[in-house]
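For reference, the structure is listed below as structure tokens.
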Amino acid sequence: MNKYQKQLVNNFIGFVDDDSPIKEYNLYEFPENYILIRLFTYNPEIKEGEGIITDFEGTKTTSEAEFRLIPYGKVLANTVGPTDWYTALAPGDMISVPDELSGVQINPKWVQFKELMKERPAPMTTYEPPQLLGKIQAWERYAFSGAKLKEDRDENDFYTFLIPHSFITAKVNKNALKKTAKSLVSASKVKMATSNKS
């Protein structure tokens, strides 16, 4: 496990433990059969001199560290509807969403741009759309910003969604989830200690 994977796991444990965002949404009442969630994302903390590559947008990255969306979320608010297991979800509970949301897809605008460049070699614009888009783009219409009067959106706003209950795949036991994450870090430390002795 490299240091970025450890960062990811430690940030995830912090996400599971942190229920403070829930209070931001107490003033809202949502339609029946909808649930407000925030997905976990990981943006690596990269220090200078760590094999930095700066992409065309100025984002720092390395070959070992990259932005990740993990298909776990935290319930921020829920609605009561017909009795089913979804209505038992409470603010602070952990849930999972379809794994495919953490994947990427070819950006159709990039494909169009490449086709246009074949037809007209002298581009009218220097902007090339990103080649890949996160599949989470499919949820863009469900994005929910709690502080609508703020001038700038918070990064978390991009991963907070008001979605139909049916989008949730499972409720996840918080303590078991943290235990699993911590065991990954512990196993990594044992593996490193063993390899250092040999």
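The values are calculated or read from the model by the stated rules, or taken from the named source; none is laboratory data. Remember, predicted model here, so these are calculated numbers, not experimental data. Neighbour counts are summed over all protein chains in view; Cβ atoms, including those assigned to glycine, are modelled from backbone coordinates with ideal geometry.
One table, with the values for the structure above:
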read-out: Lone qualifier among 90, 77, 65 - being assigned to a loop (DSSP other than H, G, I, E, B) and at pLDDT 70 or above; value: 90
read-out: Selection within segment 15-54 - over 19 Å from residue 145 (Cα atoms) and at pLDDT 90 or above; value: 16, 17
read-out: Residue in segment 96-112 that is touching a helix residue (DSSP H, G or I) at 6+ places or on another chain (Cβ under 7 Å), at pLDDT 80 or above and under 15 Å from residue 35 (Cα atoms) present; value: yes
read-out: Identity of the residue in segment 177-198, small (Gly, Ala, Ser) and surrounded by 14 or more Cβ atoms within 10 Å (Cβ to Cβ), that ends up modelled with the highest pLDDT; value: 181
read-out: Considering residues of segment 121-176 that are of a type in the set (A, V, I, L, M) and in a helix (DSSP H, G or I) only, the residue modelled with the highest pLDDT; value: 176
read-out: Hits in segment 93-112 - residues which are within 12 Å of the chain's Cα centre (by Cα) and either closer than 15 Å to residue 174 by Cα or assigned to a loop (DSSP other than H, G, I, E, B) (or both); value: 96, 97, 103
read-out: Given (1) loosely packed, with under 12 Cβ neighbours inside 10 Å; (2) modelled with pLDDT under 90; (3) more than 19 Å from residue 141 (Cα to Cα), index of the condition residue 6 fails; value: (1)
